[in-house]
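A.B. asks: If you scroll down you'll find the structure; I have some questions about it.
The values are calculated or read from the model by the stated rules, or taken from the named source; none is laboratory data. Computed from a predicted model, the values in this text were never measured in an experiment. Glycine gets a Cβ as well: all are built from the backbone with ideal geometry, and neighbour counts include every protein chain shown. Areas reflect the complete protein model, heavy atoms only, side chains present, ligands, DNA and RNA absent. Shrake-Rupley method; radii C 1.70, N 1.55, O 1.52, S 1.80 Å.
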Amino acid sequence: MSDTSKTVKSDTTKAEKTGGVVEEQSTVAPADDPTAAPVSVVDPRLLVREEGLKGYVTEFKRKVKGGELGSLPVVIGLIVIWTIFQFKNDRFLSAENLSNISFFLSATGMLAIGLVFVLLLGEIDLSVGSVSGLASTLFAVFVVDHTMNPWLSLLLTIITGVAIGALHGWFFAKIGVPAFVVTLAGFLGWNGLMLWLLGSSGTINIPSDSGPVHLLGQNSFFMDQAIIGAYVLAGLGVGSMLIGSFGEQRRRRIAGVPYRPTSEILLRVGALAVASFTAAAVLNNAAGVSNALVIFLAALVIVDFVLRRTTFGRQVFAVGGGIEAARRAGINVPMIRITVFAIAGGFAAVGGMFFAGQTASATLNAGGGNTLMLAIAAAVIGGTSLFGGRGTVWSALLGMLVIQSIQTGLDLLNMNTSIQYMITGGVLLGAVVIDSISRKSQKAAGRG
């Protein structure tokens, strides 16, 4: 048996012991000397798990040096923000205030979910605020002026939002008009249509018992049993992660690729359990978990699955990472672009319904003011890159937590709105700077 065969056999044995296969540990000749003896190359994920806690610490340092920061900056920022506001006003971390934060972040958060898709392409959609305002107005017109069934009105409203987004995407993908220009035109045009539908009064009051409006109101809670509902949600989240993690571990073990050890899975699930049940206990001390928050979290879970586990999601990342490479890989780039903008329009319409549920009306202010800027800021602050190809839908939640915490904290301190804008702008700039530095660090490390 040759020396090379012995090396491969030895590598195979090591890989099998650590949950890998031959492909995870192979032998290659040095690039500068093809005639030299083969050098063993080991998958770094296997080394991390072999070294235990030390390996994870080393891997964490490597990621930070390489610019792979993930959600770390926004989590640290959120802790700092909460600490400062709690020091300034001890009511900030009260159950009632945290309940208000969790409720009011959901409407703009829905817009941010749609924007995450657009940002993953490296594009922008300036129309989502106007589309959300138009959606709430259309719903009000259907229900109040035409006495249409509220749930049918909701369906037609969402379909309208999807159609508007698809129209924007068609002009961008097929005609070649820059997305910035198309959606800016949409921002102006759909806002004008909303004003025309509202008429001279500028407001259409919606009966508070109208299906979706009642469901999304501030006084509507999951299962109508606040204490039971909060803990049921926490249990569902923890249980789903536990089952999903062990299922993934089993599939990866069968496929012969690296997988998370049971100890790591239990540690992750345990951390989620602590966070989930603590949040449930805090919200129960107020009024419970609002339906708006439940629907927002459900949307995050579904969209996260679509982006990470489906062919469409991988294609979105591929197009955002490089259009020409995606095209050469056989991806229908125009269709992905149209679909992404349609999704953004649909989520904008859903966000408009959330706004209608908060006020039980459609007004001139619906989707206006700083709604668009806050939605974009939420996605970016949460960690989605403005340069495309990198991000996660959970950035919508993290970013909205930051923004809503700043707004609520400053309200408690009786600060002027101008201060809110300045601080939010500074946080947004900081997030973009971190993103830019992260990209440079990744390029320097050969992973950009």
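A.B. asks: Summarise the accessible area of segment 306-448 (1.4 Å probe, protein heavy atoms) by the percent that is carbon and sulfur.
C.D. replies: Exposed carbon and sulfur together represent 61 percent of the surface.
A.B. asks: Around Val319, under 14 Å between beta carbons, what's the net of Lys plus Arg minus Asp minus Glu among the other residues?
C.D. replies: My count for the surroundings of Val319 gives +3.
A.B. asks: A follow-up question, please. How big is the Cα convex hull of segment 145-208 in projection, averaged over all directions, in nm²?
C.D. replies: Spelled out: convex hull of the Cα atoms, projected over all directions, averaged, 5.4 nm².
A.B. asks: Something else about it: Could you order peptides 374-381, 228-235, 268-275 by the average number of other Cβ atoms within 10 Å of their residues, highest first?
C.D. replies: 374-381, 228-235, 268-275
A.B. asks: Follow-up. Report the normalised scattering of segment 321-428 as log10 I(q)/I(0) at q = 0.15, 0.20, 0.21, 0.22 Å⁻¹, calculated by the Debye formula with identical scatterers on the alpha carbons.
C.D. replies: Debye intensities relative to I(0), on a log10 scale: -0.80, -1.19, -1.25, -1.30.
A.B. asks: To continue, here is another question. Dimensions of segment 119-232 along principal axes (Cα, Å, largest first)?
C.D. replies: For segment 119-232, the Cα spread along each principal axis is 51, 40, 21 Å.
A.B. asks: Now for a separate question. Can you give the translational diffusion coefficient of segment 234-391 in µm²/s, computed by Stokes-Einstein from the Kirkwood radius over Cα pairs at 10 °C and 1.306 mPa s?
C.D. replies: 84
A.B. asks: Given Cα positions, please report Rg to Rh for segment 213-281, the hydrodynamic radius being the Kirkwood one.
C.D. replies: So for segment 213-281, dividing Rg by the Kirkwood Rh gives 1.18.
A.B. asks: I'm a student and want to see the number: the projected area of the Cα convex hull of segment 128-179, averaged over all directions, in nm².
C.D. replies: Answer in nm², one decimal: 3.7.
A.B. asks: Another one. Mind listing the Cα extents of segment 372-429 along all three principal axes, in Å, largest one first?
C.D. replies: Between the extreme Cα coordinates on each principal axis of segment 372-429 lie 40, 17, 16 Å.
A.B. asks: For segment 287-332, how big is the tail of P(r) above 16 Å, as a whole percent of Cα pairs?
C.D. replies: For segment 287-332, the fraction of Cα-Cα distances above 16 Å is 53 percent.
A.B. asks: Rank by packing, highest mean first: peptides 151-162, 355-366, 324-335, with packing defined as the count of other Cβ atoms within 10 Å averaged across residues.
C.D. replies: 355-366, 151-162, 324-335
A.B. asks: Just the number, please: Stokes-Einstein D of segment 146-301 in µm²/s, Kirkwood Rh from C-alpha pairs, 37 °C, 0.692 mPa s.
C.D. replies: Estimated diffusion coefficient is 164 µm²/s.
A.B. asks: Show me 425-432, 124-131 ranked by packing, highest mean number of other Cβ atoms within 10 Å first.
C.D. replies: 124-131, 425-432
A.B. asks: Before I look further, what does segment 265-373 give for accessible area per residue, probe 1.4 Å, in whole square angstrom?
C.D. replies: On a per-residue basis, 43 Å².
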